[in-house]
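Data block below; observations after.
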Amino acid sequence: MDRNKNKPTVMVGNGSMNYPAFHARSIRQRDAYWREQAQRIDWHRPFHTVCDTRNPPFAEWFVGGQLNLCHNAVDRHVPHRPDQPALIFVSTETCTEQTLSYGQLFVEVQRMAAVLRAQGVGRGDRVLIYMPMIPEAVIAMLATVRLGAIHSVVFGGFAAHSLATRIEDATPKVIVSADAGSRGGKVIPYKPLLDEALHISKHKVDKVVLVHRGLSPAGLVEGRDIDYKQARSEVMDQVVPCVWVEATHPSYTLYTSGTTGKPKGVQRDTGGYAVALAASMDQLFCGQPGETFFCTSDIGWVVGHSYIVYGPLLAGMSTIIYEGLPIRPDAAIWWQLVEKHKVSVMFSAPTAVRVLKKQDPDCLKRHDLSSLKHLFLAGEPLDEPTAKWIGDAIGKPIIDNYWQTETGWPILSVPRGIDPSLTTRLGSPGFPMPGYDVRLLDDQTGEELTEPHQKGVLTLQYPLPPGCLQTVWRDDTRFVKTYWSSFANRPVYNTFDWGLRDADGHHFILGRTDDVINVAGHRLGTREIEEAVSAHAAVAEVAVVGVADELKGQVARAFVVVRDASRVADDAGRKALEAEIMQTVDQQIGAVGRPSRVYFVNALPKTRSGKLLRRAIQAVCEGRATGDLTTIEDPTAIQQLQDAVLR
Ligand code: AMP
């Protein structure tokens, strides 16, 4: 196939085709539809099978095809747009701006790849990336897939213990890291956390490549740590060709929380991911080559992987990498960047908008936003007042989109690139995206709910479209058990979200069916936080629940039974222990997992068979009725909770 084309002619809809018909075709004529979409990608060797469904619930996409993600994101654009910015790095933390054109990115990625290759990194090896939002983080991701290796980015906000768990699971050959990040003007050293994680971890890495930003002193461990600046200077002109990999070859793993304490390594393929992202850039985000995409997430999350790094670069767009807060130096900063870089598509989270809402509204009016076509929001429920407020403030369409780390790209949204007449509805993320066969099922009977406004579990029919998780890293059993075993005899993927559909086909998400909570768009397992709280020696028992919060959507609250009640006999004792427990969570997970409050009680509400009554705890915290408590073992436990919360 011709490798030099950038924008193939594929059926993307032109407004003449109505969306339900377009979507139905993507399901009924699955292979034909995805064969067309696959033309958006350069294939080194063409695939022979669009989707291999011989081994459900596993599915293999574009079997027989060979490609390279880095080639598609970088190399193929160089002849057409060598001088166009590829990465625009803006740090309001270090007051730095740096632009790398596609030509420069092509060279830098090869330098990083040369450094990694010199450390023995090759096809199938894991490279763990623990970095702040700096260009080298994106360059390391691209260099890894260039070599046919698999990256595993760990969010920079995670502390040593969480990092160690991920190192043990991913067993990387090399880790790429930095001396420090910065948040709100405060330097956050990374290297000591990494050293501690490597000390705790049973898996020992051969090499650490360290990017020294000069923010924090970071000693190098002899024989293990390599200074990137030095190593780079030795490989300035090295050419590192792309390693062609099978379409089914993993490109990365990314850890996400579930109901157990152990995070799952979501494993993504290469070919399916490239095709799905390229299609979404056009059909949903309406992003065109040469335009600028600004996604305010972090490369440590799936939104960052898909829409800071791969999506925009696959589309030949310029992508902004932003290190900093949305309100520093003031709440105009993002809009200033929109004006300066003529951003055409922006992608953020409802929490960030709620943060802006508390600031001077004039900040949103100061800059020329005429280049901006849409603002996309995702990661957590988008409440109506927030959607309305930002829509009115910037005068642009606000497009909600619902998806998960597992799926890699939106399940529900409003793909106006296919049908510009599609309408949004406040409170609804929209319609199933092409390829997603969404069904609402009764949680008890598994029966499909086809009438409007029936609440059911949102599920996806087999096979999942390209780009979704292949499996859980090194744990096929967990993949099948977790996602595909909720409904006997039905090969359906459980999202663990409640949903409903209205009469016009708009879908609504009504919260999780499991014990996972969502804090400021970040998914956290209550079990994971409970384990971190239990690491404090004073804790005998703990329950963590997610409670509605005006700013962050939800926050975690912990209820603790202590070993020695005298420690929490008075206010001073309670305050001191609460602070210690929060610090323990900071050390175990990182501030991202810290409960907003820790309450002390003598007993937790449980059923007579010992099951924690989480919904009742949550109801008490949110000031709601607790519902049926006939199975409760100790009825005074609820009163204790109420007293603790009100104290
Ligand atoms: P994560 O994998 O961390 O992105 O979290 C995915 C979960 O976040 C989903 O299963 C939903 O519970 C929630 N979520 C993501 N996007 C939305 C959205 N647009 N509306 C409602 N909930 C969302």
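All of the numbers you see were taken from the coordinates with simple rules; none came from a lab. Keep in mind it's a predicted model, so treat the numbers as computed, not measured. Cβ sites come from the backbone with ideal geometry, for glycine too, and all protein chains shown count toward neighbours.
Numbers below:
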read-out: Charge sum, other residues only, whose C-beta stays under 10 Å from residue 254's C-beta, Lys/Arg counted +1 and Asp/Glu -1; value: +2
read-out: Whether the stretch 63-113 is rounded, prolate or oblate, judged on the alpha carbon gyration tensor where a/c under 1.5 counts as rounded; value: prolate
read-out: Label-zone membership for the stretch 548-567, site residue 643, 7 angstrom Cα→C-beta point, backbone N under 20 Å; value: 558-567
read-out: The stretch 506-576 and the stretch 425-471: distance between their alpha carbon centers, rounded to Å; value: 29 Å
read-out: For the stretch 80-137 and the stretch 171-215, distance of Cα centres in Å; value: 17 Å
read-out: Farthest toward positive dipole pole in the stretch 564-618 [+1 Lys/Arg, -1 Asp/Glu at C-beta], among 581, 609, 593; value: 609
read-out: Under 15 Å, Cβ to Cβ, from residue 502 - net charge with Lys/Arg +1 and Asp/Glu -1; value: -1
read-out: FRET efficiency, 1/(1 + (r/R0)^6) with R0 35 Å, evaluated for residue 490 and residue 615 via beta carbons; value: 0.85
read-out: 3J(HN,Hα) from dihedral phi, the stretch 458-468, Karplus parametrisation 6.51/-1.76/1.60, rounded to Hz, x for glycine, proline; value: 7, 10, 10, 6, 6, x, 5, x, x, x, 7
read-out: Under 12 Å, Cβ to Cβ, from residue 172 - net charge with Lys/Arg +1 and Asp/Glu -1; value: +1
read-out: Residue 497 long-range amide H proximity, modeled H, under 5 Å; value: 458, 513
read-out: Theoretical FRET efficiency, 1/(1+(r/R0)^6), r = Cβ-Cβ of residue 476 and residue 442, R0 30 Å, to 0.05; value: 0.60
read-out: Förster-model FRET efficiency, 22 Å R0, residue 200 and residue 586, C-beta, rounded to 0.05; value: 0.90
read-out: DSSP-assigned coil residues among chymotrypsin sites (Phe, Trp or Tyr not before Pro) in the stretch 341-439, each with at most 16 further Cβ atoms within 10 Å; value: none
read-out: Of 365/396; 340/365; 186/229; 342/373; 191/229; 365/388, pairs whose Cα-Cα distance is over 21 Å; value: 186/229
read-out: The stretch 340-475 - charge dipole about Cα centre, Lys and Arg +1 at Cβ, Asp and Glu -1, debye rounded to 20; value: 900 debye
read-out: Separation of the residue 569 and residue 370 label points, Cα + 7 Å toward Cβ, nm; value: 7.2 nm
read-out: Additional length obtainable on full extension of the chain from residue 625 to residue 44, 0.36 nm per residue less Cα span; value: 203.1 nm
read-out: Residue-averaged [θ]222 nm for the chain, counting only DSSP H segments that reach four residues, each worth -39500 (n - 2.57); value: -8000 deg cm²/dmol
read-out: Leading residue at positive end of dipole, the stretch 206-245 (Cβ point charges), from 211, 239, 223; value: 211
read-out: Of 374, 364, 343, farthest towards positive along the dipole that unit charges on Lys, Arg, Asp, Glu beta carbons give the stretch 319-392; value: 343
read-out: Sorted by Cβ neighbour density within 10 Å, fewest at the top, the residues 299, 394; value: 394, 299
read-out: Size of electric dipole in the chain: Cβ of Lys, Arg +1 and of Asp, Glu -1, about Cα centre, debye, nearest 20; value: 580 debye
read-out: Rounded Å value of the spacing that divides the Cα centres of the stretch 248-284 and the stretch 294-348; value: 20 Å
read-out: Cβ-based exposure ranking for 313, 198, in which fewest neighbours within 10 Å come first; value: 198, 313
read-out: Interchain or long-range residues, amide H under 5 Å from residue 374's placed H; value: 346
read-out: Distant-in-sequence amide H partners of residue 519 (H built 1.01 Å from N, under 5 Å); value: 524
read-out: Loop-resident sites, the stretch 297-398, for trypsin sites (Lys or Arg not before Pro), counting at most 11 other Cβ within 10 Å (DSSP); value: 358
